[in-house]
1. Criterion first (within 44 Å of the chain's Cα centre (by Cα), surrounded by 17 or more Cβ atoms within 10 Å (Cβ to Cβ) and more than 9 Å from the ligand (Cβ to nearest atom)) does Val376 satisfy it?
2. Restricting attention to the range 114-152, which residues are over 60 Å from the mean Cα position of the chain (by Cα) and of a type in the set (A, V, I, L, M)?
3. Within the range 318-327, is even one residue under 16 Å from Val418 (Cα atoms), open to solvent by 50 Å² or more (accessible area, probe 1.4 Å), among the basic types (Lys, Arg) and in contact with a helix residue (DSSP H, G or I) (Cβ under 8 Å, 6 or more places away or on another chain)?
4. Please state which of the following conditions Arg426 fails to meet, knowing it meets all the rest: (1) within 12 Å of the ligand (Cβ to nearest atom); (2) not in a helix (DSSP H, G or I).
5. Which one is nearest to the ligand (Cβ to nearest atom), of the residues in the range 383-401 that are open to solvent by 10 Å² or more (accessible area, probe 1.4 Å) and in contact with a strand residue (DSSP E or B) (Cβ under 9 Å, 6 or more places away or on another chain)?
6. Counting just the residues of the range 410-423 that are open to solvent by 20 Å² or more (accessible area, probe 1.4 Å) and either more than 11 Å from the ligand (Cβ to nearest atom) or touching a Pro at 6+ places or on another chain (Cβ under 9 Å) (or both), which one comes out farthest from Asp314 (Cα to Cα)?
7. Any residue at all in the range 58-68 that's among the small types (Gly, Ala, Ser) and farther than 18 Å from Thr101 by Cβ?
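The values are calculated or read from the model by the stated rules, or taken from the named source; none is laboratory data. Please read these numbers as outputs of a predicted model, since none were measured by experiment. Here the Cβ is made from the backbone with ideal geometry for all residues, glycine too, and neighbour counts use every protein chain on show. Heads up: the accessible areas ignore ligands, DNA and RNA and are worked out on the full protein's heavy atoms, side chains in. Shrake-Rupley method; radii C 1.70, N 1.55, O 1.52, S 1.80 Å.
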Amino acid sequence: MFSSARWRLTLWFAGVLALVLVAMGTAVYLSTRHALLSSLDADLRSRASKEVVSLVARLSELSRRQLPLEQVRVGPEHPSPPYFYALLRPDGQVLAASANTDPAALPPPDASYAVMNGEAMFVNTRDQQGEDMRVYLLPLGGPRGTYVLAVGRSREPELDALRRLLLILIGGGAAGLVMASMGGYFLAGLALRPIREAMDRQRAFVADASHELRTPLALIRASAELVRRHPEEPVATHAQAVDDIVAESERLTRMVSQLLALARADAGRLSLNLERLDLAALAQDVVRQLRPQADERGLELVCESGGPAYLRGDEARLREVLLVLLDNALKFTGAGGRVTVRVADGGNRVHLSVSDTGIGIPPEHLPRIFDRFYRVDRSRTHDGGAGLGLSIAKSIVEAHEGRIWAESQPGQGSTFHVELPRSGPRRQAPAT
Ligand code: ADP
């Protein structure tokens, strides 16, 4: 799917680029052609108008001396080779011409007629070698009627330059297109990589979620079927099965709401009810709430803070973070251990840490514990966690524009640190 999207993107890019190149190339070619050919025309026109004045004078001189007009010199005294000059009779016959005039390059008689009766004009002809010629025809009043002066030269230099330009444009354009398309293919790969990674993550998330949801569902179903098989027996006989159903339903409910929170955080819609709150007081409250649980497990749970630590945040969400961290600390610390919550006010940031003297986290697992569904010991499914707690805590802390990280010594204990900006997040997700 991604490789076809990559090709499609590249093809679109190449197609658009080709269109731009063709349009630009055409514009360059046509404007150069126009400039070259019109400067040739301007050159012929100015030579003709210069020549016409002296030619009329020479014709009058011959006429005055009663000499045949055929003797007149057409063109400058020192001929300039690429240009040829010819004086044509009204019927198109050559009266006189410069030495380098190729009769084939002269215009057909009807062109002379047209000029005689109207305006000067340009015609394209071919000489004996087949070269393209440009000829300017200008009517002139001689002593014995109207004649036509033809001034021309080969257009080959211009056409040659244009052919070369066309080659460069086509060759350069094609090479540029190929290189740009290769670059485009590479860039499309780069641009698609994060999308592909996000989709892979999403896929893995959905697969993990379905897998995690299946276990409690299977347990609920098995317990319910056990009860159904003995409809005559009072419910009390199946107290264990009913308790399992209730416990697993609670687990499911918790997991589904965790999944919802994560999905919202992914969509950038984790809404925060921001208010000024004292994190130290909040920590003390959560510790008080969990003390019975700690006592039950034979753990010492203490909260240390050097006075209030105010910040702008969402109380319910930050309570959730504390609950996740403390729940883990209590869960992974054996009887006789100690769990300490510390809150410290550090200028424009507030620091919270939860330390335990529990089993610790092996260093190879440490970088991954904030990943979704990640559990160090996969076999411990029945301590209630699906491996979502820390990833939720992380998304809440990040929504507050804070940081969360962990340090741990296997066998000695772990410390989870949270650092929150006192002023709260600058960007606030829209409430949902
Ligand atoms: P769970 O809901 O399974 O506890 P979490 O995302 O909260 O999931 O934690 C992920 C994993 O990180 C846990 O399964 C556990 O292996 C490890 N972990 C988290 N906190 C601690 C801790 N305080 N001590 C040891 N291991 C921990």
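1. no
2. Ala114, Val115, Met116, Leu138, Leu140, Val148, Leu149, Ala150
3. Within the range 318-327, one or more residues are under 16 Å from Val418 (Cα atoms), open to solvent by 50 Å² or more (accessible area, probe 1.4 Å), among the basic types (Lys, Arg) and in contact with a helix residue (DSSP H, G or I) (Cβ under 8 Å, 6 or more places away or on another chain).
4. (1)
5. Once the filter is applied, the top-ranked residue is Leu390.
6. Taking the candidates together, the pick is Pro410.
7. yes
Results for (1) within 30 Å of Arg251 (Cβ to Cβ); (2) open to solvent by 80 Å² or more (accessible area, probe 1.4 Å); (3) at pLDDT 90 or above; (4) assigned to a helix (DSSP H, G or I), shown as yes or no for each residue.
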{"residue": "Val148", "(1), (2), (3), (4)": "no, no, yes, no"}
{"residue": "Ala161", "(1), (2), (3), (4)": "no, no, yes, yes"}
{"residue": "Ala175", "(1), (2), (3), (4)": "no, no, yes, yes"}
{"residue": "Met182", "(1), (2), (3), (4)": "no, yes, yes, yes"}
{"residue": "Glu233", "(1), (2), (3), (4)": "yes, no, no, no"}
